[in-house]
Amino acid sequence: MMEKLLTDNDVKKKIEDNLKIIKENVCNAALKSGRNPNDITLLAATKTVPSSIINYAISLGIDNIGENKVQELLSKYDDLSLNNCNLHMIGHLQTNKVKKIIGKVKLIQSVDSIKLASEISKISLQNNIITEVLIEVNIGKEEKKSGVFPENLLELLENISELKAIKVKGLMAIPPIYEESSQKRKCFSKMNKLFIDIKEKKIDNINMDILSVGMSDDYVEAILEGSTMVRIGSALFGKRKW
Ligand SMILES: *Cc1c(COP(=O)(O)O)cnc(C)c1O
């Protein structure tokens, strides 16, 4: 059977409705975890979404968006209404592409090696800026995923703290796919524990303000376990079809 064609207005109405639901869920989960809903940042994950639709989401009040690929980020960059919206790099970043995005992104969420961090610091220094980053943790220790293993996190942070033009603001993770809500929570709780442990160590130049965990299928569990930033794609824009 042929799928009914959606008009631009249908798509926009759907995004508006989705956003309302997500905000309500975020708010309830924040309150349930004893926190102020305003302390949770909602980031729209915009991979494969055209600039016009992203700009519509921004017009609805979305003020943080994240792209996964340097090429895609650059191809949309000039068309995005970024006056009141921060652009994040949330996907795996190759060292040789760092120079293309420095100065364009507010936060690089996917730093997982000293090599990548050194390049970010070097290029930032050349541009007279300091770039803020999160460290991506491979919390499930999955072979095919990027991110530093939990047991290597402290050493990486200590090395990064020596770099001049990079500032660590927190941690990011993409956990394994779990069916059970309790499994999801257990994994997020592990991340939160790492986050708190590192915060208590008070390492120079290393802040733990942002814990970026939670996506469309698990953002409620993530918030219940301490997430301060959720990255939501399909629950907002619909299944990726663009
Ligand atoms: C795609 C993506 C998301 C959002 O995923 P959804 O399941 O569609 O919400 C979040 N974070 C990263 C790093 C992503 O690549």
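The values are calculated or read from the model by the stated rules, or taken from the named source; none is laboratory data. The shown structure was predicted, so the numbers you read here are calculated from the model rather than taken from an experiment. Virtual Cβ from ideal backbone geometry, glycine too; neighbours counted across all protein chains shown.
Taken over the range 88-129, the criterion of being part of a helix (DSSP H, G or I) and either closer than 22 Å to GLU155 by Cα or modelled with pLDDT under 95 (or both) is satisfied by THR95, ILE114, LYS115, LEU116, ALA117, SER118, GLU119, ILE120, SER121, LYS122. The strands (runs of 3 or more DSSP E) located wholly in the range 136-242 that include 2 or more residues which are more than 15 Å from the ligand (Cβ to nearest atom) occupy 166-173, 206-212. Of all residue pairs spaced 6 or more apart or on separate chains, those with beta-carbon atoms under 8 Å, a first member in the range 40-51 that is closer than 21 Å to ASN28 by Cα and a second member that is within 10 Å of the ligand (Cβ to nearest atom) and of a type in the set (Ser, Thr, Tyr) are LEU43/SER212.
A single entry from GLY34, GLY61, GLY66 fulfils the requirement of being surrounded by 15 or more Cβ atoms within 10 Å (Cβ to Cβ) and among the small types (Gly, Ala, Ser): GLY66. Restricting attention to the range 44-53, the residues being over 15 Å from the mean Cα position of the chain (by Cα) and within 16 Å of the ligand (Cβ to nearest atom) number 4.
Just for the range 55-70: of the residues that are over 16 Å from the mean Cα position of the chain (by Cα) and among the hydrophobic types (A, V, I, L, M, F, W, C), which one is nearest to the ligand (Cβ to nearest atom)? If we take residues in the range 55-70 being over 16 Å from the mean Cα position of the chain (by Cα) and among the hydrophobic types (A, V, I, L, M, F, W, C), then ALA57 is nearest to the ligand (Cβ to nearest atom).
Yes/no per residue for (1) in contact with a Gly (Cβ under 6 Å, 6 or more places away or on another chain); (2) closer than 30 Å to GLU16 by Cα:
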| position | (1), (2) |
| --- | --- |
| GLU132 | no, no |
| GLU136 | yes, no |
| GLY147 | no, no |
| LEU153 | no, no |
| MET229 | no, yes |
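For the range 102-133, which residues satisfy the criterion of being among the basic types (Lys, Arg) and either under 18 Å from VAL148 (Cα atoms) or buried (at least 23 other Cβ atoms within 10 Å of the Cβ) (or both)? Selection gives LYS115 alone. If you go through the range 71-97 and keep only what is over 23 Å from GLY170 (Cα atoms) and either within 13 Å of the ligand (Cβ to nearest atom) or among the acidic types (Asp, Glu) (or both), you end up with GLU72, ASP78, ASP79.
Residues in the range 70-94 that are loosely packed, with under 15 Cβ neighbours inside 10 Å and hydroxyl-bearing (Ser, Thr, Tyr): SER75, SER81. Restricting attention to the range 202-232 and to residues that are in contact with a Ser or Thr (Cβ under 7 Å, 6 or more places away or on another chain) and among the polar types (S, T, N, Q), the residue that is farthest from LEU156 (Cα to Cα) turns out to be SER216.
Of all residues in the range 6-29, those that are surrounded by 14 or more Cβ atoms within 10 Å (Cβ to Cβ), out of contact with any Leu (no Cβ under 9 Å at 6 or more places or on another chain), modelled with pLDDT of 95 or more and among the hydrophobic types (A, V, I, L, M, F, W, C) total 1. When the range 19-43 is filtered for residues that are within 15 Å of the ligand (Cβ to nearest atom) and either at positive phi or touching a Lys or Arg at 6+ places or on another chain (Cβ under 8 Å) (or both), the ones remaining, listed by number, are LEU42, LEU43.
Considering only the range 31-46, I want to know if a residue exists there that is touching a helix residue (DSSP H, G or I) at 6+ places or on another chain (Cβ under 6 Å), over 23 Å from MET172 (Cα atoms) and at pLDDT 95 or above. For the range 31-46, residues touching a helix residue (DSSP H, G or I) at 6+ places or on another chain (Cβ under 6 Å), over 23 Å from MET172 (Cα atoms) and at pLDDT 95 or above: absent. Condition check for VAL98 on (1) farther than 29 Å from ILE22 by Cβ; (2) surrounded by fewer than 18 Cβ atoms within 10 Å (Cβ to Cβ); (3) touching a residue at least 12 places away in the same chain (Cβ under 8 Å): one failure, at (2).
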